[in-house]
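Worksheet: the structure to be examined is printed underneath.
Bear in mind that the values in this text are calculations on the coordinates, not laboratory data. Just so it is clear, the structure is predicted and the values come from calculations on it, not from any experiment. Cβ placement follows ideal geometry from the backbone for every residue including glycine, while neighbour counts extend to all protein chains displayed.
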Amino acid sequence: MASGFGYTGGRSRCFTYWQEFSKCYAQTDAPSECRPQVNDYLECLHHPQEIARAKVVEKELIRKAQSAATEGRKAADILADGAVVGVGLIKRSKEEETK
């Protein structure tokens, strides 16, 4: 764990998870009892479960696009309709939303 300060000078995003882990580790005789706190802290730092879920969603989207391509629609059109991660920067027109 670094200093506990983020880039903007405040707490880092994972500092509370680190505090929970360090409190558990200090109070227990068996470090294996703190496994949930360690998992939460590591998920906050590296996002492995979130990345794995995003990959599963992306594979399913591609699979559906390929199966729909055999039905006559172009795979590129299907992939253009669905986005794995959307941040709301691109607004759809009213005509496209009603289709």
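By counting other Cβ atoms within 10 Å of each Cβ, how are TYR7, TYR25 ranked from fewest to most?
So the residues, fewest neighbours to most, are TYR7, TYR25.
Under 13 Å from a point placed 7 Å out from the Cα of LYS23 along the Cα-to-Cβ direction: which residues of the stretch 35-61 have their backbone N that close?
37
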